[in-house]
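*Asks:* Below is a structure I'd like to ask you about.
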Amino acid sequence: MVVIGAGQAGLSAAYYLRKFGIEPESGFVVLDHASGPGGAWQFRWPSLTLSTVNGVHDLPGMSFAETTGTDAEQVPASVAVPHYFELYEKQFELPVHRPVHTRVVCPREERLRIETDQGVFAARGLINATGTWERPFIPHYRGAESFRGRQLHTKDYRTAAEFEGKHVVVVGGGISAVQLLDEISRVTTTTWVTRREPEFRDEPFTPDIGRAAVAMVEDRVRRGLPPGSVVSVTGLPVTPAIQAARERGVMNRLPMFSEILPNGVKWADGTVVDADVILWCTGFRSSLDHLAPLHLRGPGGGIPMTGRLATQVEADPRVHLVGYGPSSSTIGANRAGQAAARELTAYLGIGE
């Protein structure tokens, strides 16, 4: 078997494969495109510390807290989480090969042919955990190519200081958007725009809210629809930083502009705002292009899923997607990794 990706979902799946009796190397391998451990966490912006991150969930069998120091709250997540993942891979002797870039997965009778830049692998089953970080999404708006300023995506963000003295338009209504809006507004002027009116959650996050979000996304993927936004159910948490930003007057959201001009953005009513930077906090799409030859997508535009936690692909039961749809959260990734490992080994008739 092959696991593609060594983020939270991939490592969780690898852990459970071992627990269910599949031996490393001879029974399964993990192929990771990054040069080091940490999944997408290693590429996050430096100001995203453990005190501001939305949450780091323990991997199965090892506590994250045990790997951090007493002043961990101020440690960049891009340092702390990769360190944790590295210790985890060593502790459980997980067979992670890196850097390995998976180019394409093709059906070959009873096997799957996984073609990479480091050779070809044949597998009876596949757990795909490639996440979304490699596919940033930027919607197209008229005039985008004429903009003389700088356009960048959340993935490209490093520090607010580089925008000092410039007017920044922040686009997006998710958690990353409001975090970066808060940071950037401390050093320069900003305009915040979203497609929909953001919904803030003043009350604490509860298990019921989490279950409602997961159920919504799971229902969509079981019906073969693209995964929806979890934030649309959970709402945006009002942290002390966000409350302070409200009081500073920077959380005044505007509707989405209709056109991009060489020196700014324009709304349908003719209103124009001059801008030097457009920061697209518009999310990511699942990195699944390498699976195209398997023809997994249904007529709804998504991949119809089945299984206990909707990790198994309906069109090809040999393939499981973890970190996709309802398992895209760090908590959901662990449960999905376990379910995928259990169901795939049972389907193939191997392991315990």
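The values are calculated or read from the model by the stated rules, or taken from the named source; none is laboratory data. Every value quoted in this text rests on a predicted model; they were computed, and no experiment measured them. Cβ sites come from the backbone with ideal geometry, for glycine too, and all protein chains shown count toward neighbours.
*Asks:* Can you name the residue in segment 53-70 that is more than 17 Å from the chain's Cα centre (by Cα) and part of a loop (DSSP other than H, G, I, E, B) and is also modelled with the lowest pLDDT among such residues?
*Replies:* THR70
*Asks:* For segment 177-188, state whether one or more residues are in contact with a Gly (Cβ under 8 Å, 6 or more places away or on another chain), in contact (Cβ under 8 Å) with a residue 12 or more places away in the chain and either under 30 Å from ALA315 (Cβ atoms) or among the hydroxyl-bearing types (Ser, Thr, Tyr) (or both).
*Replies:* Yes, that holds for at least one residue.
*Asks:* Look through segment 115-143, keep the residues that are surrounded by fewer than 21 Cβ atoms within 10 Å (Cβ to Cβ) and in contact with a helix residue (DSSP H, G or I) (Cβ under 6 Å, 6 or more places away or on another chain), and return whichever of them is modelled with the lowest pLDDT.
*Replies:* TRP133
*Asks:* Look at segment 166-209 and say how many of its residues are closer than 18 Å to LEU152 by Cβ, of a type in the set (S, T, N, Q) and at pLDDT below 95.
*Replies:* 2
*Asks:* So the check is Cβ under 8 Å with 6+ separation or different chains; which pairs have a first residue in segment 238-263 that's part of a helix (DSSP H, G or I) and a second one that's charged (D, E, K, R)?
*Replies:* Filtered contacts from segment 238-263: ALA241/ASP182; ILE242/ASP182; ALA244/ASP182; ALA245/ASP182.
*Asks:* Let me ask something additional. Which of (1) small (Gly, Ala, Ser); (2) in a loop (DSSP other than H, G, I, E, B); (3) modelled with pLDDT of 85 or more does GLY228 not meet, given it meets every other one?
*Replies:* The one condition GLY228 does not meet is (3).
*Asks:* Still on this structure: Where the second residue is crowded, with 20+ Cβ neighbours inside 10 Å and not in a loop (DSSP other than H, G, I, E, B) and the first is among the aromatic types (Phe, Trp, Tyr) and modelled with pLDDT under 95 and lies in segment 71-100, which pairs have Cβ atoms under 6 Å and are six or more apart or on separate chains?
*Replies:* none
*Asks:* Counting only residues that are among the aliphatic types (A, V, I, L, M) and at pLDDT below 95, how many does segment 101-114 have?
*Replies:* 0
*Asks:* Could you check how many residues of segment 308-333 are on the phi > 0 side of the Ramachandran plot and at pLDDT 95 or above?
*Replies:* Counting residues in segment 308-333 that are on the phi > 0 side of the Ramachandran plot and at pLDDT 95 or above gives 0.
Rundown of residues vs (1) farther than 18 Å from GLY228 by Cβ; (2) of a type in the set (Phe, Trp, Tyr); (3) surrounded by 23 or more Cβ atoms within 10 Å (Cβ to Cβ); (4) within 23 Å of the chain's Cα centre (by Cα), yes/no style:
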{"residue": "GLY300", "(1), (2), (3), (4)": "no, no, no, yes"}
{"residue": "ARG318", "(1), (2), (3), (4)": "yes, no, no, no"}
{"residue": "TYR324", "(1), (2), (3), (4)": "no, yes, yes, yes"}
{"residue": "GLY337", "(1), (2), (3), (4)": "yes, no, yes, yes"}
{"residue": "LEU344", "(1), (2), (3), (4)": "yes, no, yes, no"}
{"residue": "TYR347", "(1), (2), (3), (4)": "yes, yes, no, no"}
{"residue": "GLY351", "(1), (2), (3), (4)": "yes, no, no, no"}
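*Asks:* Determine, yes or no, whether GLY307 is crowded, with 19+ Cβ neighbours inside 10 Å and touching a helix residue (DSSP H, G or I) at 6+ places or on another chain (Cβ under 7 Å).
*Replies:* So GLY307 passes the test.
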